[in-house]
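S.K.: Below is a structure I'd like to ask you about.
Read-outs: derived from the displayed coordinates by stated rules, not from any lab. Predicted model, so just to flag it, every value in this text is computed and none were measured. Ideal geometry is used to build each Cβ from the backbone, glycine not excepted, and the neighbour counts take in all protein chains shown.
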């Protein structure tokens with residue numbers, strides 16, 4: 001339904017620009033030798049544009065002009081090729097037939113795919129079955145939430161050690177010191193908070209120290225290639241599995257795609273089975289090469 005609505009809106013714009021002109025006949029671009037490109041031509045050509053950006057392009061007169069101009073240029077050059085007799089060249093004749101065959105085959109397979117009725121209740125049951133059959137696929141690794149104070153420069157370790165003494169004192173405010181002292185500008189604005197992360201996201205020495213801490217604990221000075229850190233873990237999340245509701249849409253989309261691929265394969269299968277190679281002709285052809 002989204003596509004139909006988009007097309008209607010585009011036609012409404014065309015009508016506003018060309019009052020009294022039939023929708024399909026609204027000429028957007030003209031070129032030499034009587035070449036005209038209509039709104040219908042542009043809409044047909046726009047079907048090859050990914051849906052997520054198609055409407056944005058069609059709403060931009062400059063981009064529409066470019067699309068229409070490209071169609072006009074292609075038609076003009078094709079006309080020149082025909083006038084030069086290239087349409088009778090055997091290789092060109094074969095290429096044109098191949099191109100026509102591909103367009104027709106794509107249309108046939110698309111019809112086979114889209115005419116298939118999809119029972120979404122059954123699809124969701126299959127999605128749940130896939131979810132249960134692949135327990136490791138949606139596992140989330142153990143994560144920690146940590147804050148840090150970063151010191152850079154030749155005396156980074158010394159300054160970090162001095163700050164650590166202050167942090168060990170009762171009532172010390174880690175977030176306040178992080179916002180004042182940390183040389184990591186991104187996390188300093190958040191009182192040093194780095195959010196949740198799993199292993200493999202941070203420098204090894206940093207994550208080893210973070211994963212060794214319990215919530216509320218503060219590390220010793222940890223050195224990495226980025227400088228000297230003081231780390232405080234604020235929370236931990238054990239390894240867990242994403243709930244089905246979070247992945248149902250993804251799994252359902254995969255199943256629908258699989259069903260449509262099967263529909264396309266089913267349309268091809270009888271034709272594929274009817275193909276019979278002529279071995280003697282094949283051998284003679286290869287021998288002649």
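S.K.: Taking every DSSP beta bridge that has both residues in the chain, what percent is antiparallel when rounded to the nearest 5?
M.R.: Values: 23 of 23 bridges.
If I count the DSSP bridges inside the chain, around 100 percent turn out antiparallel.
S.K.: Further question on the same structure: Can you pull the one-decimal nm distance between simple spin-label points at residue 74 and residue 240, each 7 Å off the Cα toward Cβ?
M.R.: My value for the distance between the label points is 5.1 nm.
S.K.: Note down the Stokes-Einstein diffusion coefficient of the range 57-117 in µm²/s, whole number, using a Kirkwood radius over alpha carbon pairs, 20 °C, and 1.002 mPa s. Don't skip to the answer; put the middle values down first.
M.R.: Numbers: Rh = 14.5 Å.
For the chosen part, D equals 148 µm²/s.
S.K.: If R0 is 25 Å, what FRET efficiency do you get for residue 133 and residue 274 from their C-beta distance, rounded to 0.05? Numbers along the way, then the final one.
M.R.: On the way: r = 36 Å, r/R0 = 1.45.
About 0.10, to the nearest 0.05.
S.K.: Now for a different question. For semi-axes √(5λ) of the Cα gyration tensor in Å, pick the label among (1) 61, 31, 24; (2) 40, 27, 18; (3) 32, 29, 19 that corresponds to the value derived from the coordinates.
M.R.: Structure-derived value, by its label: (1).
S.K.: Something else about it: Taking the Cα-to-Cβ direction at residue 98 and at residue 59 and moving 7 Å from each Cα, how far apart do the two end points lie in nm?
M.R.: Placing both labels 7 Å beyond Cα along the Cβ direction yields 4.0 nm.
S.K.: Along Cα→Cβ, 7 Å out, is where each label goes; now give me the distance between the ones at residue 180 and residue 253 in nm to one decimal.
M.R.: Computed distance between label sites residue 180 and residue 253 equals 4.8 nm.
S.K.: Here's another thing I want to ask about it. Only Cα pairs within less than 10 Å get springs; with that Gaussian network setup on the chain, which residue of 253, 31, 112 has the largest fluctuation?
M.R.: 31
S.K.: Pick out which of 69, 147, 115 has the largest mean-square fluctuation in a Gaussian network model of the chain, springs linking Cα atoms closer than 10 Å.
M.R.: Looking only at 69, 147, 115, the largest GNM fluctuation is found for 69.
S.K.: Next question, about the same structure. Hey, what's the per residue convex hull volume over the C-alpha atoms of the range 144-212, in cubic angstrom? Please list the in-between numbers first.
M.R.: On the way: hull volume 6.7 nm³, N = 69.
Normalising the Cα hull of the range 144-212 by residue number yields 97 Å³.
S.K.: Ranking request for peptides 81-89, 187-195: highest mean number of other beta-carbon atoms within 10 Å first, then the rest in descending order.
M.R.: On the way: 81-89: 11.2, 187-195: 17.7.
Highest-to-lowest ranking by the protection proxy: 187-195, 81-89.
S.K.: Tell me the relative contact order for the range 137-207 as a rounded percent, counting alpha carbon contacts under 8 Å between residues six or more apart.
M.R.: Dividing the mean separation by the residue count of the range 137-207 yields 43 percent.
S.K.: For the chain, what relative contact order do you get, as a whole percent, if you take Cα pairs closer than 8 Å and at least 6 residues apart? Each step should come with its number before you reach the end.
M.R.: Details: 308 pairs, mean separation 50.0, N = 289.
Relative contact order here is 17 percent.
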